[in-house]
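Structure record follows, encoded as structure tokens.
Read-outs throughout are calculated quantities, based only on the coordinates presented, and are distinct from any laboratory measurement. Here the structure is a predicted model, which means the values were calculated and not measured. Cβ atoms come from the backbone with ideal geometry, glycine included; neighbour counts cover every protein chain shown.
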Amino acid sequence: MELKLTQKQFRRLLDLVYIGNWVLNSTRGDDRIREYDQVESLVFSHCLGQGMASLTELYHGELIPSRAFAEGGIHEAIMAYEDTTFFEILAQELALRDLNDPPITPENYDEIMARMETYLGEFEEHGTDNITVDMDE
């Protein structure tokens, strides 16, 4: 298989591969899915011939994304995604809780969305500052 990319497209592909492997493996500890690590290593190995050697480093005999790559802003993109996802899931869970956890149907969809928007507005304005849990129950 041959894939032709511009330098800019290849650089974007590096970001996509890194983010994908991060999502799949970052929480797995020693139980990583090695096949994804191997694909990441293979893709990053092409940096050497593209004048991007600083984006890789050798670790236990494998080419991996370098510290410079990992610290170059990619984690800010991952964190922005995680924050958005966290607040959207929390808003949905709270909206469903408010309605006694019904399945989402065409009949209750608008009400759930309205409640979610209210929660999302609160989170946008105050983050989690106004969330409390009664620990006495």
**OP:** Take THR118, THR132 and order them by how many other Cβ atoms sit within 10 Å, fewest up front.
**Re:** THR132, THR118
Original post:
Which value, in debye to the nearest 20, describes the size of the charge dipole of region 7-65 about its Cα centre when Lys and Arg Cβ atoms bear +1, Asp and Glu Cβ atoms bear -1, and nothing else is charged?
Top reply: 280
Subject >> Gaussian network model of the chain, springs between alpha carbon atoms under 10 Å - residue of THR105, THR84, THR27 with greatest fluctuation >> reply: THR105
**OP:** Report, in degrees rounded to the nearest 10, the 0 to 90 angle that the Cα long axis of helix 109-126 makes with the longest principal axis of the chain.
**Re:** 70
Original post:
On alpha-carbon atoms, Rg over Rh for region 74-126 using Kirkwood Rh?
Top reply: 1.07
**OP:** Report the residue, chosen from GLY29, GLY73, GLY20, that carries the largest GNM mean-square fluctuation when the chain is represented by alpha-carbon nodes joined by springs under 10 Å.
**Re:** GLY29
Original post:
With charges set only on the Cβ (+1 for Lys and Arg, -1 for Asp and Glu), what does the dipole of the chain come to about its Cα centre, in debye to the nearest 20?
Top reply: 1340
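Taking neighbour Cβ counts within 10 Å as the exposure measure, how do MET113, MET135 sort from fewest upward?
MET135, MET113
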Original post:
Where Lys and Arg each count +1 and Asp and Glu each count -1, what net charge lies around GLN38 among other residues with Cβ under 13 Å from its Cβ?
Top reply: -2
**OP:** First select every other residue whose beta carbon is under 15 angstrom from the beta carbon of LEU14; then total the charges, Lys and Arg +1, Asp and Glu -1.
**Re:** -1
**OP:** Quick one, can you get me the convex hull of the C-alpha atoms of the chain expressed as volume per residue in Å³?
**Re:** 215
Subject >> Furthest towards positive pole of dipole, PHE86, THR128, SER41, structure part the chain, Cβ charges >> reply: SER41
Subject >> Förster radius 30 Å - calculated FRET efficiency between TYR109 and PHE86 (Cβ-Cβ, nearest 0.05) >> reply: 0.85
